[in-house]
Amino acid sequence: MSHADILSAAMLDAADLTGGALKVHSPVDGALIGEVGTHSGAEVEAMIATAKAAFGDWKLVPAPRRGELIRLFGEELRNAKDALGALVSLEAGKIFQEGLGEVQEMIDICDLAVGQSRQLFGLTIASERPGHSMRETWHPLGLVGVISAFNFPVAVFAWNFALAAICGNTVIWKPSEKTPLTALAVKKIFDKAAARFGDAPEGLLHVAIGGADVGEALTGSKDVPLISATGSTRMGQIVGPKVAERFGKSVLELGGNNAMIVAPSADLDNAVRAIVFSAVGTCGQRCTSLRRLIVHEDVRDELVEKLKSVYGKLPIGSPLEEGVLVGPLIDKQAYDGMQHALEKAKTEGGKVTGGERVDGVAGGHYVRPAIVEMVEQTGIVKHETFAPILYVLTYRTLDEAIALQNDVPQGLSSCIFSTDVRETETFLSAAGSDCGIANVNIGPSGAEIGGAFGGEKETGGGRESGSDAWKAYMRRQTNTVNYSRELPLAQGIKFDI
């Protein structure tokens, strides 16, 4: 399909693609694919006012009825899966299969949220006072601001929106300036679902396009009680304190520097498959990308040779072409960052294989994924470079491997390949991985939506998607009811008047 065909299939027309201040270039070939209008701070304030008014109505709608809207949204996403997946590839540079997978994540979280809409449960708590009952209930929070990144331009929004909506909240979504077209397409898909639903309040979902000023309008507003932001650690260091300063809540999904430990007993063929997908998928531009490979000295040479052989044959090129496994980096800044990291690794003793520019489609920044053999875990290894760089380290004991894995500022995802149950259970114990995600015999990327997603340390500590992540979008209330004719006080206090 041509660029024009992809844009048209995603329901984007001339009014969406022309006359705006923000120029959108495809990383596939550098072509200009749209000129999108941006929103001023004043326009964002108007959105906040509309969304706040909509919340007043939406919070009173029964949660299972709210779930019906998300069910319809999931249906519309199913109908648009191929078109939206292709647009993700065109605008974010992912291969088409990954674009489809990202839309499937949206569908999956809609399915989960529909069920969750009938399970927004609290607790019944035993009271120490006779004739009293206690319970814990959950109520809609308000307006949720969602700030998303270019590498998952639609899925992470859906994680937040589907749960926020069934919890009774309204949403303003600020997509990355690098991927606004996918956001506009998703809004059109949602509008179709809302029309079928019939009585969704105006302002339930807004898309606010722009730069730092739009983000500041959201993070600084006391009318936005929750900000869910995905991006770099530097971004989180700005957003987190700003939201906390006004006593707001934040869900932060920030940097990752994910490791795989490969033990002597590991199935090396499976490990190779997991390593390659995790390290080069999305051209290494996932927060869960594999960046550090910690290999036992007994299997290191064999594994590295296998990897170099596979890396040398990887199909690299336009993500819109069938059979390609590695698309482009998002832009020149990402390419320059990768080259800087490789040069730094060399000065710190690294042996680099790959990493060079590949002549792909004219205008795109295509690179051969790099394997960097390191003597020790140096400063550049501890730094997250958003590119397909895999650092290889060697260990002798499991304690040494776990210490290496944990000795980075980030704490998102981790994994071990081993068939020794003592090793795997140690890795999953309090003595093991310090990350929010810890896997055994699978890579660190490709998380399912049923589990809570997020990490520790500089990753931000937030949780999204499955499990009990829905609670972040609600306010907790403890209720005590006295149904007796007496008024006993807690803790046995006597206060007679």
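In Å², and per residue, what accessible area does the chain have when probed at 1.4 Å with the other protein chains present? Walk me through the numbers before you get to the answer.
Working: 20620 Å² over 497 residues.
Per-residue accessible area for the chain comes out at 41 Å².
Over its Cα atoms, what ratio of radius of gyration to 2.2 N^0.38 Å does the stretch 255-371 give? Please report the intermediate quantities before stating the final value.
Numbers: Rg = 14.4 Å, N = 117, 2.2 N^0.38 = 13.4 Å.
Normalised Cα radius of gyration, the stretch 255-371: 1.07.
Select from the stretch 433-497 those GluC sites (Glu not before Pro) which occupy a DSSP coil region and have at most 15 other Cβ atoms within 10 Å, ordered by residue number. Can you show the working numbers first?
On the way: sites: GLU448, GLU456, GLU458, GLU464, GLU486; in loops: GLU448, GLU458, GLU486.
Counting only loop positions with at most 15 other Cβ atoms within 10 Å, the GluC sites (Glu not before Pro) in the stretch 433-497 are GLU448, GLU486.
On the principal axes of its Cα set, how long, how wide and how thick is the stretch 25-128? Give whole Å, largest value first.
67, 38, 28
Once neighbouring chains are kept in place and the probe is 1.4 Å, which whole percent of the accessible area of the stretch 1-109 is contributed by carbon and sulfur? Let's see the in-between values first.
On the way: 2440 of 4380 Å².
On the stretch 1-109, the fraction of accessible area on carbon and sulfur atoms equals 56 percent.
Would you mind checking which residues have amide H under 5 Å from VAL440's amide H? H placed 1.01 Å from N; only 5 or more apart, or other chain.
Placed amide hydrogens put ILE416 under 5 Å from VAL440.
Could you let me know the centre-to-centre spacing of the stretch 186-246 and the stretch 312-330, using Cα atoms, in angstrom?
33
To the nearest 10 degrees, how steep is helix 41-58 against the longest Cα principal axis of the chain, on a 0 to 90 scale?
On a 0 to 90 degree scale, this one is about 50.
Calculate the FRET efficiency for HIS139 and LYS313 from the Cβ-Cβ distance with a Förster distance of 60 Å, rounded to the nearest 0.05.
Efficiency at R0 = 60 Å is approximately 0.60.
What percentage of the solvent-accessible surface of the stretch 310-372, computed with a 1.4 Å probe over protein heavy atoms, is contributed by carbon and sulfur atoms? Working shown, then result.
Values: 1530 of 3020 Å².
Carbon-and-sulfur percentage of accessible area, whole number: 51.
Go through the stretch 291-331 and name the trypsin sites (Lys or Arg not before Pro) that are in a DSSP coil and have 11 or fewer other Cβ atoms within 10 Å of their Cβ. Spell out each step's value before the answer.
Details: sites: ARG291, ARG292, ARG300, LYS306, LYS308, LYS313; in loops: LYS313.
Counting only loop positions with at most 11 other Cβ atoms within 10 Å, the trypsin sites (Lys or Arg not before Pro) in the stretch 291-331 are LYS313.
Among PHE190, ALA345, THR170, whose Cα sits farthest toward the positive end of the charge dipole of the chain (+1 at Cβ of Lys/Arg, -1 at Cβ of Asp/Glu, about the Cα centre)?
THR170
Can you compute the charge dipole magnitude of the stretch 196-320 about its Cα centre, using +1 on each Lys and Arg Cβ and -1 on each Asp and Glu Cβ, nothing else charged? Give it in debye, rounded to the nearest 20.
Values: 14 positive and 14 negative charges, 31 e Å.
Charge dipole, the stretch 196-320, about its Cα centre: 140 debye, nearest 20.
Quick one: if the Förster radius is 51 Å, what FRET efficiency do SER484 and ASP434 give, using the C-beta to C-beta distance and rounding to 0.05? Please report the intermediate quantities before stating the final value.
Details: r = 49 Å, r/R0 = 0.96.
For R0 = 51 Å, the calculated efficiency reads 0.55.
Let me know the shape class of the stretch 367-451, please: from the alpha-carbon gyration tensor, a ≥ b ≥ c as square roots of the eigenvalues, rounded when a/c is under 1.5, otherwise prolate if a/b is greater than b/c, or oblate. Working shown, then result.
Working: a/c = 1.71, a/b = 1.25, b/c = 1.36.
Cα axes put the stretch 367-451 in the oblate bin.
Checking the table LYS308/LYS332; LYS332/LYS382; LYS306/LYS382; LYS382/LYS457; LYS81/LYS471; LYS187/LYS249 against a 19 Å threshold on Cα-Cα, which pairs fail?
Details: LYS308/LYS332 26 Å; LYS332/LYS382 23 Å; LYS306/LYS382 25 Å; LYS382/LYS457 13 Å; LYS81/LYS471 29 Å; LYS187/LYS249 25 Å.
Violating the 19 Å limit, Cα to Cα: LYS308/LYS332; LYS332/LYS382; LYS306/LYS382; LYS81/LYS471; LYS187/LYS249.
Counting only DSSP beta bridges with both residues in the chain, what percent are antiparallel, rounded to the nearest 5? Kindly include the intermediate steps, with their values, before the conclusion.
Working: 26 of 66 bridges.
Beta bridges within the chain, antiparallel portion: roughly 40 percent.
Over the chain, calculate the relative contact order: mean separation of alpha carbon pairs under 8 Å at least 6 apart, over the residue count, as a percent. Kindly include the intermediate steps, with their values, before the conclusion.
Values: 1089 pairs, mean separation 90.1, N = 497.
Averaging sequence separation for qualifying contacts and normalising by length gives 18 percent for the chain.
Compute log10 of I(q)/I(0) for the stretch 418-458 with the Debye formula, placing one identical point scatterer on every Cα and leaving out solvent, at q = 0.22, 0.31 Å⁻¹, to two decimals.
Those come out to -0.81, -1.16, one per q.
Cα centroids of the stretch 451-490 and the stretch 49-82: how far apart, whole angstrom?
When both Cα centres are located, 23 Å separates them.
Of the chain, which part is the longest with no chymotrypsin sites (Phe, Trp or Tyr not before Pro) in a loop (DSSP not H, G, I, E, B) and with at most 16 other C-beta atoms within 10 angstrom?
Details: sites that count: PHE121, PHE247, TYR483, PHE495.
My reading of the result: 248-482 is the longest stretch.
How large is the charge dipole for the stretch 1-139, taken about the Cα centre, if only the Cβ atoms of Lys, Arg (+1) and Asp, Glu (-1) carry charge, to the nearest 20 debye?
Details: 12 positive and 20 negative charges, 162 e Å.
Around 780 debye, computed over the stretch 1-139.
Would you please name the trypsin sites (Lys or Arg not before Pro) within the stretch 179-269 that are DSSP coil residues with at most 11 other C-beta atoms within 10 Å of their C-beta?
Values: sites: LYS187, LYS188, LYS192, ARG196, LYS222, ARG234, LYS242, ARG246, LYS249; in loops: LYS222, ARG246.
Answer by residue number: LYS222.
Mind ranking MET235, MET338 by accessible surface for me, highest first, 1.4 Å probe? Please list the in-between numbers first.
On the way: MET235 35, MET338 0 Å².
Greatest to least solvent exposure: MET235, MET338.
Would you please report the Å³ per residue occupied by the convex hull of the alpha carbon atoms in the chain? Intermediate values should be presented prior to the final figure.
On the way: hull volume 83.8 nm³, N = 497.
Per-residue hull volume (Cα only) is 169 Å³.
The values are calculated or read from the model by the stated rules, or taken from the named source; none is laboratory data. Everything quoted here is computed from the prediction, not taken from an experiment. Virtual Cβ from ideal backbone geometry, glycine too; neighbours counted across all protein chains shown. These area figures cover heavy atoms from the full protein model, side chains too; ligands, DNA and RNA do not enter into them. Shrake-Rupley method; radii C 1.70, N 1.55, O 1.52, S 1.80 Å.
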